[in-house]
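The values are calculated or read from the model by the stated rules, or taken from the named source; none is laboratory data. Remember, predicted model here, so these are calculated numbers, not experimental data. Cβ placement follows ideal geometry from the backbone for every residue including glycine, while neighbour counts extend to all protein chains displayed.
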Amino acid sequence: MNWAKTNDGLEIYYEIEGNGPTIVFQSGYMGIHDIWNHQIKAIKNSYRCITHDNRGYGLSSKPVDSSFYTTEKNVADLKAVLDAAEVTDSFLLVTHSLGSAAAIAFADKYPHLVKGIIMMGGPTISGGAIEGESHEEMWAAHQTTPSDAANFYKKLGCSEEIALEAGKWQPTVFKNQTRAILHYQPDSNALNLPMPMLVVHGTHDVVSPKEVVYTIVDTFTHARWVELDGLNHFPQIEAPETINKLVHDFYTEISDN
């Protein structure tokens with residue numbers, strides 16, 4: 001069992017499995033490392049895989065005060081994990097949903113560490129990209145009880161086993177992580193990142209319309225689009241073999257260039 005210490009006194013739980021080139025997985029609003037279980041199991045014989053629980057989730061510290069939740073703090077948490085894991089070479093960063101904002105912010109701050117980014121599950125890179133009523137309660141309002149939280153994620157394509165994990169968390173985490181993304185606006189440097197990116201979107205994603213996600217491809221010069229028919233918000237859980245191949249193929253591609 002591994003915990004990394006943060007600069008604001010928290011502990012971030014992380015796991016390392018496998019050997020080989022490093023692939024780092026960054027979760028989003030469903031902030032536990034478990035959402036990558038299918039990928040880790042399939043590729044750990046070829047890659048060194050690093051996952052962690054975001055602050056507020058799983059086995060990581062769970063502060064209630066909203067001041068503990070920003071995209072920048074999520075970036076610092078990832079760096080603390082990588083430092084604890086003694087990662088010094090560049091790696092592929094694979095993200096889900098709101099975790100894409102943390103990935104962009106991380107790559108902006110540590111470009112030498114990121115050789116490429118895969119964004120899936122309705123990736124969002126700034127609070128300005130979220131349509132509708134943009135306030136801290138907009139998703140938390142649907143997750144006020146343990147059953148609400150579990151059902152929320154099951155409707156998005158999560159397996160029942162992982163969706164049930166959400167019922168164990170403090171409801172405030174949903175509000176606080178919403179706040180983190182709403183208050184993040186990438187600067188011009190972040191919007192001009194040089195590394196290759198792969199944007200993966202399910203045609204049945206009930207959270208993120210195609211038009212909103214596709215703006216990421218328009219924004220980043222080195223980004224390209226993959227659309228997966230019939231998938232909802234969790235392609236890595238719904239179609240693991242497809243995503244495993246995408247991850248392997250993209251890593252091979254960026255390593256050969």
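Could you tell me whether segment 161-168 includes any residue that is modelled with pLDDT under 90, of a type in the set (V, I, T) and within 20 Å of Y29 (Cα to Cα)?
The answer is no, given that none of the residues of segment 161-168 is modelled with pLDDT under 90, of a type in the set (V, I, T) and within 20 Å of Y29 (Cα to Cα).
Could you list, in sequence order, all residues of segment 216-254 that are among the hydroxyl-bearing types (S, T, Y), crowded, with 17+ Cβ neighbours inside 10 Å and either farther than 29 Å from W139 by Cα or within 18 Å of the chain's Cα centre (by Cα) (or both)?
Y251
Would you be able to say whether some residue in segment 130-142 is buried (at least 18 other Cβ atoms within 10 Å of the Cβ) and at pLDDT 90 or above?
No, because not a single residue in segment 130-142 is buried (at least 18 other Cβ atoms within 10 Å of the Cβ) and at pLDDT 90 or above.
Residues V64, V75: which one is surrounded by fewer than 24 Cβ atoms within 10 Å (Cβ to Cβ), in contact with a helix residue (DSSP H, G or I) (Cβ under 7 Å, 6 or more places away or on another chain) and at pLDDT below 95?
V64
For N37, all conditions in the list (1) at pLDDT 95 or above; (2) more than 18 Å from the chain's Cα centre (by Cα); (3) surrounded by fewer than 19 Cβ atoms within 10 Å (Cβ to Cβ) hold save one; what is the number of the exception?
For N37, the exception is condition (2).
State which residue pairs qualify: first residue assigned to a helix (DSSP H, G or I) and inside segment 21-45, second residue modelled with pLDDT under 95 and surrounded by fewer than 18 Cβ atoms within 10 Å (Cβ to Cβ) in any location, beta carbons under 9 Å apart, and separation of 6 or more residues or different chains.
Qualifying pairs under 9 Å: D34/E161.
What's the total number of residues in segment 185-197 that are within 16 Å of A102 (Cα to Cα) and either touching a strand residue (DSSP E or B) at 6+ places or on another chain (Cβ under 6 Å) or surrounded by 12 or more Cβ atoms within 10 Å (Cβ to Cβ) (or both)?
8
Under the condition of being β-branched (V, I, T) and under 17 Å from the mean Cα position of the chain (by Cα), which residue from segment 181-211 is nearest to E72 (Cα to Cα)?
I181
Within segment 242-249, is there a residue that is among the hydroxyl-bearing types (S, T, Y), out of contact with any Ser or Thr (no Cβ under 6 Å at 6 or more places or on another chain) and farther than 26 Å from L191 by Cβ?
Scanning segment 242-249, I find at least one residue that is among the hydroxyl-bearing types (S, T, Y), out of contact with any Ser or Thr (no Cβ under 6 Å at 6 or more places or on another chain) and farther than 26 Å from L191 by Cβ, so the answer is yes.
Which one of these does K5 not meet: (1) more than 29 Å from K175 (Cα to Cα); (2) surrounded by fewer than 19 Cβ atoms within 10 Å (Cβ to Cβ)?
It is condition (1) that K5 fails.
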